[in-house]
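Trainee: This is the structure I have questions about; it appears just below.
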Amino acid sequence: MRSNVSEYEFIAPGSLDAVLALLSAEPGAWTPMAGGTELMVALGAGRLEQRKLVSLWGIGELRGITASADWLTIGAGATYTDIRENAAIAKEFPLLARSASWTGAIANQNRGTLGGNIVNASPAADSPPVLLVYEAEIELVSAQGARRMNYSEFHLGYKRTVLRPQELVMAVHLPRGHRLPVEYLRKVGTRNAMAISKVALAGVGAMQSGKVQTVRIAAASLRETPARLSMTEAVLVGHALTSDRIQAARKALLQEVKPIDDVRSTAKYRAHVAANLLEEFLNQMAASES
Amino acid sequence: MSAAKIQLSEIRFKVNGVERSATVPPMKRLLDVLREDLALTGVKEGCGEGECGSCSVLLDGVLVNSCLVPALQASGCEVLTVEGLATNGALAHIQRTFLELGGTQCGICTPGMMLAAESLLRKNPHPDLDAIREGLAGNLCRCTGYMRIIDAVKHAIEEPILTADLAPEETVHK
Amino acid sequence: MRDATPTRIVGTPALRKEGFGKVTGGARYIDDIVLLGMWHGATVRSSIARGAIKDIRFGAGINWDEFVIVTAKDIPGANCIPLIVDNDQPVLADARVNHPEEPVVLLAHPDKARLHEAVEAVEIDYDPLPAVFTIEESERQQTIVWGEDNVIKRFLVEKGDVDSAWQHAAHIVSGEYRTGAQEQLYIENNGVIAEWSDADGLIIRGSMQCPYYVHKALLRVFDLPAEKVRVIQAETGGAFGGKEDYPSLIAAHAGLLALKAGRPVKIIYDREEDLAATTKRHPSRTRYRTAVDKDGHLLAMDIQVDLDGGAYATVSPTVLSRATIHSAGPYLCENIRVRSHAWATNVPPHGAFRGFGSPQTIFGIERHMDQIAKAVGISPEEVRRRNFLAQGNATATGQLIRDPIDLRGMMDRALKVSDYHAKRARFARENATSSAIKHGMGIASFMHGAGFTGSGERYLNSLVGLEADASGHLTVLVSSTEFGQGTNTMLSQVVAEALGLSCEDVSIAQPDTNRVPNSGPTVASRTTMIVGRLVHDAALALAGILREKNLLSEEFSADEFRAACAAYTAQFGALRSEARYQPPKDIFWDDAKYQGDAYPAFAWAVYVAEVAVDTRTYAAEVVNFYTVQEVGRVMNPVLAAGQIEGGVAQGVGYALYEKVVWKDGRMSNNQMTNYIIPTAADVPNIEVYFEEMPCEHGPYGAKGLGELPHDGPAPAILNAIQDAAGISFTSIPLLPEDIFLRMAEAPEPECLEIVGSAKGPQ
Ligand SMILES: Cc1cc2nc3c(=O)[nH]c(=O)nc-3n(C[C@H](O)[C@H](O)[C@H](O)COP(=O)(O)OP(=O)(O)OC[C@H]3O[C@@H](n4cnc5c(N)ncnc54)[C@H](O)[C@@H]3O)c2cc1C
Ligand code: FES
Ligand code: FES
């Protein structure tokens, strides 16, 4: 334990309105804590610079998972366990349930939240690629009101997002009724469980008459933010998945990713494995029509 | 030098079935509250970063790493630690199978491991091998290689324990 | 004592003696203990690898008056931790530092939470000196960082005539193999509590393997007589060798703080500190050059073993010894030369870890045997069969194998239980066609010597005691410690068996140097065979004492024994027996030539790994792991199998996951999130099979088994990967990133070199 907890203020106002009022009264002074699986790790390691924290845990408005005709809405405070156990998610957005099931292990899944994963904005985080290929929208809220945008616009750069100091992430909205026939997700971590991704790739797509009609691909740990691989997608749309085309897609991927060497893996490995995963996904696409 | 000392919070919660309270900094880790303020030292610290699971407890019936839970977030909750598994001195079934089947060696992972097992069995009373492996994956054990722990969890649901299962696969006497 | 007579208690799955406390949370580990008025201690460590200390400054913003501060100047006795080489490792760096994370200053404060900030505020200025970080840099001897030539220890073992064997060879096969550092990663970090009083001297409680090592060190550091230092082992949450020598250092630190503070001081490392500062397994490089005939028989082995010892000698000489003796494997070869060195580098000293040097060289020889098989054109199992040691053969040190030995039978059994031939044939077929996942099978056969090497046990001269009270309840007095391996249970079984009692009639005294005699350190797979035997002898001696007084007949029941104890204590007072180590008469060892009987007994094993290599992610996974071993009499099948499984899991980690990332001599991935050990979702299915050939040296025929299972997994796994992927990998840890480099990119030339010339390794 490398911090002195006596130096940290921590309050739990208990309602969304009260938290938002606090954030607006002193913008930037208070840091929200949901499940704490990022912030408490930082505390233990002596790296938690924010000294005033406000708890989001237990605020019901943030935690629900609800469905309307067009959208499935997941509260930012929903835990990975909530996501794994939700029948609608399992049925309509199975990749999200899968990514939740291999985020950390059970104890982390019981505390870690979707909102925390998004706002923490690690390039290696497991939920963002899935949200990107499902074309999620994100809803931000403050005492002044709410705004909603495409999730793909949320991340600005390494650990930088559009979130303002007085705002919280309220929810993530997933469009219903657009499920594509091929869905792919693979995480390559340091081991089978309790592993941070060295690389992860999510893909959804549809073929029509032997050609790629739609495809969306996103990856973790390949760029400074979670990102769609739009150049790679562009190489594919409208084309048959010949081996030349797959090679072209691999090339495009290698051009648009900028992985790094770090204590967990190497840039070369990450890039190459991402291309292999892409190929595996495209082979599934190719096989999907027969 | 240290900033001005912050306000302490009074945390009231039910620990192992008993109402308890502690007046502590609100960011104090539940792990430290249990160990230092309530002397429940069966809860262990192996890493302080959510990786080893030796600090696992059930919080409102849900498995958590107590090193990552600030005291204030445990306020009003029910906490179960290893000290609460046995009832009136009688070992819980999971404790017996850990003891009899070799699920504990050095014992430092054992409290957390049993609580992970307890949490798994409450949700899924008949877990298959994959479910057991997944349910225990957040709890590192360096001694056992997990085989006997997995066995202990398997047998926690079936009585009686067969002595045949206690032995290694087969021993040839020469 | 080679008897296979039926036993009542030995061989049964007696319950773990201290298990109740462990499953109820009642067991008290060092961090669970709080003493009245206790302060907390912390360590300020060097931030550079090598240099002279110019100045130590205590930065602004901290009220230093609240702290007790200790530097090297506060040491009352010698500033060194005596172990094998004296005056080497200091308690606190004084004029200079020799590795990163070397302790320099100690701090204590009543509030634990204030320590971290204070540690950060101590600034140390250095004049940096050039440092060496690898075996290669050290052996170049351009920068001398230890002694006169960087060599902490060297051995030369010679059998037969290696130099003239090459001309008869049909094949000469050479190879170089490397293993990385490995962290013990006991889940309980290191910790000690020290108390000082002028009347009693120093009292140490802590997580440790060897109370008498700590005791010996403290006598020197504090310049105290033996009775003024008392060392008590608390319940210890895993050790694996990692708590063999380092606790002496922490105990000295806590003791210095307690002395100066005038109150108890507790030092508990956190995970980051424990990983960065304490010992790891020695990295190694082994080179084999072997001559074989056309049928694959070994004609000559020229072996070079090099270990990275780190900045101080600590246990490196004995680790190197075991590495050297095990380097020729369980094979008969008439001409062997082993040249070995432990090299000093400016990294934290490497230390003991299960296997103690043998996993390193067994990795080398067992990978090499597969290369010989390939060169000769026979199967991996056949090359081993043709060379196995048999009863009456001599090992590399000329030790005659007197006990029966059945490596061929064990090989048969291992192949059978793993369904080796059928699987290998099926995998060969499937690997040719299926693209994504390649399967393979690999074998390792090996041995592990039980007990201290050579004359070690003679020097230890171990003593055990046994006490009985009036009710006939017995207490075993040994300094041998329990840290998960089952010491307490095994010793209880021995006493209960010997005296016709049950395990409940026996207690194990807490290891406390004021109460228990020195039965030697708890290392080297020696506790069952050596200490167990002594405890057995003490039990018989105790019955003898009762018989001498005519209180007990030759045959007796438990009740008669209890009655005799009651009668004895009423008449004569305390009832106590002892047993001291007697060197076996037919065991000889020549320390100068490194020839003779290296170990009283060997445990033998054949392991088979089944792996899957994913060609998309380059990850290798162990699917099944089969172990067949001969460890003499199995004292307790549950505990024994648990030892094997745990060792295999550590071996899997050694092979495929556990990488210490070094940066200028410092571990840079010193967190559990970045130092990866297998979870329950990663370990393979592990199957354990024992053969029992009772051994005359151990109690009821037992030998040691604690270290054995860590020796075989890594080579078996890499042999299986070669079978699956057709690539010969020669170093561990073998991570997906490494497999990728060979599989996806242009294949590099294999390290295996088959040549006709007759030159030894350089
Ligand atoms: C052992 C372990 C294993 C892990 N494994 C994985 C893994 O495999 N994959 C993975 O992706 N992650 C993993 N994580 C990381 C972590 O669990 C996730 O990022 C988690 O989702 C964070 O959520 P939280 O609620 O716990 O975050 P917190 O720690 O509470 O907060 C994280 C950040 O988000 C902010 N925040 C939280 N909620 C909101 C909100 N509603 N509005 C605005 N800001 C908010 C906080 O201010 C903080 O900056 C692991 C963590 C641990 C400890
Ligand atoms: S101490 Fe909490 S997970 Fe390791
Ligand atoms: S029993 Fe020692 S870590 Fe699990």
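Trainee: Looking at A:Leu254, is it in contact (Cβ under 8 Å) with a residue 12 or more places away in the chain, open to solvent by 30 Å² or more (accessible area, probe 1.4 Å), farther than 23 Å from A:Ser290 by Cβ and away from chain B (no Cβ under 14 Å)?
Mentor: Taking the combined requirement at face value, the residue satisfies it.
Trainee: So, B:Glu45, is that one open to solvent by 50 Å² or more (accessible area, probe 1.4 Å), out of contact with any strand residue (DSSP E or B) (no Cβ under 8 Å at 6 or more places or on another chain) and in a loop (DSSP other than H, G, I, E, B) or not?
Mentor: Numbers: open to solvent by 50 Å² or more (accessible area, probe 1.4 Å): yes; out of contact with any strand residue (DSSP E or B) (no Cβ under 8 Å at 6 or more places or on another chain): yes; in a loop (DSSP other than H, G, I, E, B): yes.
So B:Glu45 fits the description; yes.
Trainee: Mind listing just one residue for me: the one in the stretch B:125-159 that is of a type outside the set (Gly, Ala, Ser) and within 11 Å of chain A (Cβ to nearest Cβ) and, of those, surrounded by the fewest Cβ atoms within 10 Å (Cβ to Cβ)?
Mentor: Restricting attention to the stretch B:125-159, the residues satisfying the condition of being of a type outside the set (Gly, Ala, Ser) are B:125-130, B:132-134, B:136, B:139-144, B:146-151, B:153-155, B:157-159.
If we keep only those that are within 11 Å of chain A (Cβ to nearest Cβ) too, we end up with B:130, B:133-134, B:136, B:139-140.
Numbers: B:Asp130: 9, B:Arg133: 20, B:Glu134: 22, B:Leu136: 28, B:Asn139: 33, B:Leu140: 25.
Out of the qualifying residues, it is B:Asp130.
Trainee: Any idea which of C:Asp94, C:Asp111 is open to solvent by 40 Å² or more (accessible area, probe 1.4 Å), within 14 Å of chain B (Cβ to nearest Cβ) and of a type outside the set (Phe, Trp, Tyr)?
Mentor: Of C:Asp94, C:Asp111, the one residue that is open to solvent by 40 Å² or more (accessible area, probe 1.4 Å), within 14 Å of chain B (Cβ to nearest Cβ) and of a type outside the set (Phe, Trp, Tyr) is C:Asp111.
Trainee: On the given criteria, is B:Thr104 within 24 Å of C:Thr236 (Cβ to Cβ) and within 16 Å of ligand 2 (Cβ to nearest atom)? Explain how you work it out, then say what you get.
Mentor: Numbers: within 24 Å of C:Thr236 (Cβ to Cβ): yes; within 16 Å of ligand 2 (Cβ to nearest atom): no.
Considered against the rule, which asks whether it is within 24 Å of C:Thr236 (Cβ to Cβ) and within 16 Å of ligand 2 (Cβ to nearest atom), B:Thr104 comes out as no.
Trainee: Could I ask something else about it? Look at the stretch C:610-638 and say how many of its residues are buried (at least 24 other Cβ atoms within 10 Å of the Cβ) and of a type in the set (Asp, Glu).
Mentor: 2
Trainee: On to the next question. Just one of the numbered conditions (1) within 8 Å of chain C (Cβ to nearest Cβ); (2) away from ligand 1 (no atom under 16 Å from the Cβ); (3) more than 20 Å from C:Ile33 (Cβ to Cβ); (4) surrounded by 18 or more Cβ atoms within 10 Å (Cβ to Cβ) is not true of B:Cys106; which one?
Mentor: Only one criterion is unmet by B:Cys106, namely (3).
Trainee: Checking the condition surrounded by fewer than 24 Cβ atoms within 10 Å (Cβ to Cβ) and either in contact (Cβ under 8 Å) with a residue 12 or more places away in the chain or within 14 Å of chain B (Cβ to nearest Cβ) (or both), which residue from C:Pro715, C:Pro684, C:Pro709 passes? Reasoning before the result, please.
Mentor: Details: C:Pro715 fails: surrounded by fewer than 24 Cβ atoms within 10 Å (Cβ to Cβ); C:Pro709 fails: surrounded by fewer than 24 Cβ atoms within 10 Å (Cβ to Cβ).
Answer to the selection: C:Pro684.
Trainee: Only residues that are within 15 Å of ligand 3 (Cβ to nearest atom) and part of a loop (DSSP other than H, G, I, E, B): list them for the stretch B:92-131, please.
Mentor: Listed by number, the residues that qualify are B:Leu101, B:Gly102, B:Gly103, B:Thr104, B:Gln105, B:Cys106, B:Gly107, B:Ile108, B:Cys109.
Trainee: Of the residues B:Ser21, B:Ser119, which is small (Gly, Ala, Ser) and open to solvent by 40 Å² or more (accessible area, probe 1.4 Å)? Give the steps one after another, and end with the answer.
Mentor: On the way: B:Ser119 fails: open to solvent by 40 Å² or more (accessible area, probe 1.4 Å).
Of B:Ser21, B:Ser119, the one residue that is small (Gly, Ala, Ser) and open to solvent by 40 Å² or more (accessible area, probe 1.4 Å) is B:Ser21.
Trainee: In the set C:Gly642, C:Gly665, which member is surrounded by 24 or more Cβ atoms within 10 Å (Cβ to Cβ), in contact (Cβ under 8 Å) with a residue 24 or more places away in the chain and either more than 7 Å from every other protein chain (Cβ to nearest Cβ) or within 29 Å of C:Cys503 (Cα to Cα) (or both)?
Mentor: Details: C:Gly665 fails: surrounded by 24 or more Cβ atoms within 10 Å (Cβ to Cβ).
Matching residue, one of C:Gly642, C:Gly665: C:Gly642.
Trainee: Name the single residue that is farthest from ligand 3 (Cβ to nearest atom) among those in the stretch B:64-91 being more than 8 Å from every other protein chain (Cβ to nearest Cβ) and free of Cβ contacts under 8 Å to residues at least 24 places away in the same chain. Before the answer, list the steps.
Mentor: Of all residues in the stretch B:64-91, those more than 8 Å from every other protein chain (Cβ to nearest Cβ) come to B:66, B:71, B:74, B:76-80, B:84, B:87-90.
Restricting the remaining residues to those that are free of Cβ contacts under 8 Å to residues at least 24 places away in the same chain gives B:87-90.
Values: B:Thr87: 24, B:Asn88: 26, B:Gly89: 23, B:Ala90: 23 Å.
Result: B:Asn88.
Trainee: Which residues, taken from the stretch C:137-179, are over 25 Å from the mean Cα position of the chain (by Cα) and among the polar types (S, T, N, Q)?
Mentor: Taking the stretch C:137-179 first, the residues over 25 Å from the mean Cα position of the chain (by Cα) are C:137, C:139-145, C:147-149, C:158-175.
Passing the criteria: C:Gln141, C:Gln142, C:Thr143, C:Ser164, C:Gln167, C:Ser174.
Trainee: With a cut-off of at least 1 residues that are touching a Gly at 6+ places or on another chain (Cβ under 6 Å) and farther than 30 Å from C:Tyr269 by Cα, name the helices (runs of 4 or more DSSP H) lying wholly within the stretch A:9-95. Break it down stepwise before answering.
Mentor: On the way: elements: A:16-25, A:39-44, A:80-85, A:87-92.
In the stretch A:9-95, the matching helices (runs of 4 or more DSSP H) lie at A:80-85.
Trainee: Right, something else. Would you check which residues across the stretch C:446-476 are of a type in the set (Ser, Thr, Tyr) and within 25 Å of C:Ser492 (Cα to Cα) and list them? I'd like the intermediate steps shown before the answer.
Mentor: Initially, the stretch C:446-476 is screened for residues of a type in the set (Ser, Thr, Tyr), giving C:453, C:455, C:459, C:462, C:471, C:475.
Scanning the stretch C:446-476 gives C:Ser462, C:Ser471, C:Thr475.
Trainee: Kindly indicate whether C:Ser462 is buried (at least 21 other Cβ atoms within 10 Å of the Cβ) and closer than 25 Å to C:Met208 by Cα. Write out each step before concluding.
Mentor: Numbers: buried (at least 21 other Cβ atoms within 10 Å of the Cβ): yes; closer than 25 Å to C:Met208 by Cα: yes.
For C:Ser462, the condition - buried (at least 21 other Cβ atoms within 10 Å of the Cβ) and closer than 25 Å to C:Met208 by Cα - is met.
Trainee: Taking B:Ala74, is it assigned by TED's automatic domain parsing to the domain that holds B:Gly135 and open to solvent by less than 50 Å² (accessible area, probe 1.4 Å)? Spell out the reasoning first.
Mentor: On the way: assigned by TED's automatic domain parsing to the domain that holds B:Gly135: no; open to solvent by less than 50 Å² (accessible area, probe 1.4 Å): yes.
The answer is no for B:Ala74.
Trainee: Same structure, new question: Can you pull out the residues in the stretch A:262-290 that are more than 10 Å from chain C (Cβ to nearest Cβ), assigned to a loop (DSSP other than H, G, I, E, B) and either open to solvent by less than 10 Å² (accessible area, probe 1.4 Å) or free of Cβ contacts under 8 Å to residues at least 12 places away in the same chain (or both)?
Mentor: Selection gives A:Ser290 alone.
Residue-wise test of (1) in contact with a strand residue (DSSP E or B) (Cβ under 7 Å, 6 or more places away or on another chain); (2) surrounded by fewer than 24 Cβ atoms within 10 Å (Cβ to Cβ); (3) within 17 Å of C:Leu575 (Cβ to Cβ); (4) hydroxyl-bearing (Ser, Thr, Tyr).
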{"residue": "C:Leu466", "(1), (2), (3), (4)": "yes, no, yes, no"}
{"residue": "C:Ser525", "(1), (2), (3), (4)": "yes, no, no, yes"}
{"residue": "C:Val531", "(1), (2), (3), (4)": "yes, no, no, no"}
{"residue": "C:Asp537", "(1), (2), (3), (4)": "yes, yes, yes, no"}
{"residue": "C:Ile545", "(1), (2), (3), (4)": "yes, yes, yes, no"}
{"residue": "C:Glu548", "(1), (2), (3), (4)": "no, yes, yes, no"}
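Trainee: Count, please, the residues in the stretch C:22-67 that happen to be closer than 28 Å to B:Thr110 by Cβ and open to solvent by 20 Å² or more (accessible area, probe 1.4 Å).
Mentor: Adding up the residues that qualify gives 9.
Trainee: Report yes if B:Phe98 is away from ligand 2 (no atom under 16 Å from the Cβ), over 30 Å from A:Gly77 (Cα atoms), among the aromatic types (Phe, Trp, Tyr) and open to solvent by less than 20 Å² (accessible area, probe 1.4 Å), otherwise no. Break it down stepwise before answering.
Mentor: On the way: away from ligand 2 (no atom under 16 Å from the Cβ): yes; over 30 Å from A:Gly77 (Cα atoms): yes; among the aromatic types (Phe, Trp, Tyr): yes; open to solvent by less than 20 Å² (accessible area, probe 1.4 Å): yes.
Yes: the conditions hold for B:Phe98.
Trainee: Among the candidates A:Glu38, A:Glu9, A:Glu49, which residue alone is open to solvent by 40 Å² or more (accessible area, probe 1.4 Å) and either among the aliphatic types (A, V, I, L, M) or away from chain B (no Cβ under 11 Å) (or both)?
Mentor: Details: A:Glu38 fails: either among the aliphatic types (A, V, I, L, M) or away from chain B (no Cβ under 11 Å) (or both); A:Glu9 fails: either among the aliphatic types (A, V, I, L, M) or away from chain B (no Cβ under 11 Å) (or both).
Exactly one residue qualifies, and that residue is A:Glu49.
Trainee: Taking B:Asp32 as meeting all but one of (1) within 16 Å of ligand 1 (Cβ to nearest atom); (2) assigned to a helix (DSSP H, G or I), write down the number of the exception.
Mentor: (1)
Trainee: Then there is this: Would you point out the residue of the stretch B:5-21, among those that are of a type in the set (Val, Ile, Thr) and in a strand (DSSP E or B), that is farthest from A:Ile11 (Cα to Cα)? Give the derivation first.
Mentor: Taking the stretch B:5-21 first, the residues of a type in the set (Val, Ile, Thr) are B:6, B:11, B:15, B:18.
Now restrict to residues that are in a strand (DSSP E or B): B:11, B:15, B:18.
Numbers: B:Ile11: 12, B:Val15: 22, B:Val18: 25 Å.
Checking each candidate, the answer is B:Val18.
Trainee: Here is a check on your reading of the model: is B:Cys55 under 14 Å from the mean Cα position of the chain (by Cα) and farther than 16 Å from B:Gly135 by Cα? Talk me through it step by step, then tell me what you get.
Mentor: Numbers: under 14 Å from the mean Cα position of the chain (by Cα): yes; farther than 16 Å from B:Gly135 by Cα: no.
So B:Cys55 fails the test.
Trainee: May I ask you to list the residues in the stretch B:58-71 that are crowded, with 24+ Cβ neighbours inside 10 Å and either within 11 Å of ligand 2 (Cβ to nearest atom) or within 15 Å of the chain's Cα centre (by Cα) (or both)? Explain how you work it out, then say what you get.
Mentor: Step one: filter the stretch B:58-71 for residues crowded, with 24+ Cβ neighbours inside 10 Å, giving B:63-71.
If the condition is that a residue be crowded, with 24+ Cβ neighbours inside 10 Å and either within 11 Å of ligand 2 (Cβ to nearest atom) or within 15 Å of the chain's Cα centre (by Cα) (or both), then B:Leu63, B:Val64, B:Asn65, B:Ser66, B:Cys67, B:Leu68, B:Val69 are the ones that fit.
Trainee: What's the total number of residues in the stretch C:375-422 that are assigned to a loop (DSSP other than H, G, I, E, B) and among the charged types (D, E, K, R)?
Mentor: Residues that pass the stated criteria total 4.
The values are calculated or read from the model by the stated rules, or taken from the named source; none is laboratory data. Predicted, not measured: the structure shown is a model, and the values here were computed from it. All Cβ positions, glycine included, derive from the backbone under ideal geometry; neighbour counts span all protein chains shown. Just so you know, the surface numbers come from the protein's heavy atoms only, side chains and all, with ligands and any DNA or RNA stripped out. Shrake-Rupley method; radii C 1.70, N 1.55, O 1.52, S 1.80 Å.
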